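The values are calculated or read from the model by the stated rules, or taken from the named source; none is laboratory data. Computed from a prediction, not measured in an experiment: that's the story for all the values here. Quick reminder, even Gly has a Cβ in these numbers, built from the backbone with ideal geometry, and neighbours come from all protein chains shown.
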Amino acid sequence: MRGTNKHYVYTLVSKKAIQSIKDKVKAKTYRSTRHMSLAELIISLNRLLRGWANYFRHTVAKNMFNAIDSFAWHRVANWIFRRHSLLSRQETRRRFRRPGHPP
C-alpha cells in the first residue's frame, strides 16, 4: 500500500486460461448444439463458467470476469438467433436484452 511498507502480490489470469474458457464457451454454443433446449444449454454453460470463476476467484480479475460474461451472453444470444431464424436480429436483441443495458 502507498505510504506503508506493506507489499501485495497481484495474481492475474493468464491469456492462455482466458482463451481456453472462450474456446469452451464457443464449443458449447456452436451450431452442433442447436438440438439442445435453451435450458440445457444455460445449465451447461453455468456449470462451466461457475467452475472457472471459482478457480480464479482469488485473482485480480473483475474486468476479465465481465469480459467473459459479455462474451458468453453474446454467444447465447447468437445461438438463439440462429436456432429461431424467423426472428430478425433487432427483434432478438429487443427480446433478449440484458437487464440494465440500453436497447
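Pairing residues of the stretch 13-41 that are within 14 Å of residue 83 (Cβ to Cβ) with residues that are of a type in the set (A, V, I, L, M, F, W, C) and modelled with pLDDT of 95 or more, at Cβ distances under 6 Å and at least 6 apart in sequence or on separate chains, gives 28/45.
Scanning the stretch 42-53 for residues that are of a type in the set (Val, Ile, Thr) and without any contact (Cβ under 8 Å) to a residue 12 or more places away in the chain yields a count of 1.
The residues of the stretch 25-73 that are of a type in the set (Ser, Thr, Tyr), surrounded by 13 or more Cβ atoms within 10 Å (Cβ to Cβ), in a loop (DSSP other than H, G, I, E, B) and over 13 Å from the mean Cα position of the chain (by Cα) amount to a single one, 59. Within the stretch 9-24, take every residue that is hydroxyl-bearing (Ser, Thr, Tyr) and part of a loop (DSSP other than H, G, I, E, B) and give me the one that is surrounded by the fewest Cβ atoms within 10 Å (Cβ to Cβ). Here the answer is 10.
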